[in-house]
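To start, the structure under review is shown below, and the notes come after it.
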Amino acid sequence: MNPTGPLAGKTIVVTRPRAQAGSLAAAIAEQGGRPLIFPLLEIAPAADPQPLAAAVARLTDYALAVFISPNAVDHALPAILARGPWPAGLLPAAVGQGTVKELAAHGIAGCVAPRERFDSEALLALPELAGEHVAGQRVAIFRGDGGRELLAETLRARGAEVDCITCYHRSGPASGVAPLLAAWRAGQLDALTVSSSEGLRYLVDLLDAEGRAHLQKTPVFVPHARIAENARALGLGNIILTDAADAGILAGLGAYNWPA
């Protein structure tokens, strides 16, 4: 921990799923902050493994395989690679750069992904997903249960045959919110970083009146406009929209005018 860094003395909550929280927590510590890892989403394998097994069995039928998140890679790719090498004619795609890195770590290169805004809209804007490329093609979308349908619906409207494969399950925090309440009561919680609208809803639902009062006063740093909109709809009052990914969140934290 750097005692003279821009986040010196600040306790920053990292709410990413535990498997993805380490890099942001380490970067906060490097800048002098005290990271408090508190995942708002617990990730587990899908309750029914059959859809993933069926997709893996016919993987060579697909022209495009989209991974929605690093969790999708973690839960789908081992089954895919256990079957054999990645098919030469299958183009991998991802919504965000974290997912690209996760695919690369498993030896999957040449991934198509947005380079600035990381969402379904940005992915759909890429030429590789235009109608002339996907019409008549089969597309696999590896994802968690639920979530937005925009990507699948748009690709179908462009003429693709789309299969959505649920390969992991999301749920709210299993341990409750006692660690956050304790930190707030001790005056040792300065900000939250939130990169999931779903996780934020879980948090608000779990908090009692005291916890929501604390949350109202606490700056919440979010890396996407849609999350900021959902935060406002949930009644949060101190929302800071940052640039995307860990680098954007860190820049936002570093530029914030912290109270003395």
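The values are calculated or read from the model by the stated rules, or taken from the named source; none is laboratory data. Predicted, not measured: the structure shown is a model, and the values here were computed from it. All Cβ positions, even for glycine, are placed from backbone atoms using ideal geometry, and neighbour counts span all protein chains on display.
List of remarks:
- If you check Ala244, Ala182, Ala186 for being touching a residue at least 40 places away in the same chain (Cβ under 8 Å) and either in contact with a Phe, Trp or Tyr (Cβ under 9 Å, 6 or more places away or on another chain) or over 30 Å from Ala113 (Cα atoms) (or both), only one passes: Ala244.
- Residues (in a helix (DSSP H, G or I) and closer than 22 Å to Arg16 by Cβ) located in segment 68-83: Pro70, Asn71, Ala72, Val73, Asp74, His75, Ala76, Leu77, Pro78
- Residue-level check: of (1) assigned by TED's automatic domain parsing to the domain that holds Leu192; (2) part of a loop (DSSP other than H, G, I, E, B); (3) surrounded by fewer than 16 Cβ atoms within 10 Å (Cβ to Cβ), Ala26 misses just (2).
- Candidate set from segment 103-121 (those that are in contact with a strand residue (DSSP E or B) (Cβ under 8 Å, 6 or more places away or on another chain) and buried (at least 17 other Cβ atoms within 10 Å of the Cβ)); member that is farthest from Leu52 (Cα to Cα): Ala113
- Residue check: Leu124 meets all listed conditions (1) modelled with pLDDT of 95 or more; (2) over 28 Å from Leu241 (Cα atoms) but one, namely (2).
- Residue match in segment 70-81 (condition: touching a Ser or Thr at 6+ places or on another chain (Cβ under 7 Å), of a type in the set (S, T, N, Q) and under 21 Å from Tyr202 (Cβ atoms)): no
- Long-range neighbours under 6 Å by Cβ, at least six apart or interchain, first residue farther than 15 Å from Ala76 by Cβ within segment 100-118, second in a helix (DSSP H, G or I): Val112/Glu128; Ala113/Val100; Pro114/Ala122; Pro114/Leu123
- Subset of segment 16-33 [over 16 Å from Ser196 (Cβ atoms), touching a residue at least 60 places away in the same chain (Cβ under 8 Å) and not polar (S, T, N, Q)]: Ala27, Ile28, Gly33
- Residues located in segment 139-160, provided they are surrounded by fewer than 16 Cβ atoms within 10 Å (Cβ to Cβ) and under 21 Å from Ser69 (Cα atoms): Asp145, Gly146, Arg148, Glu149, Leu150, Glu153, Arg156
- Qualifying residue in segment 169-192 (condition: modelled with pLDDT of 95 or more and either in contact with an Asp or Glu (Cβ under 6 Å, 6 or more places away or on another chain) or of a type in the set (Ser, Thr, Tyr) (or both)): no
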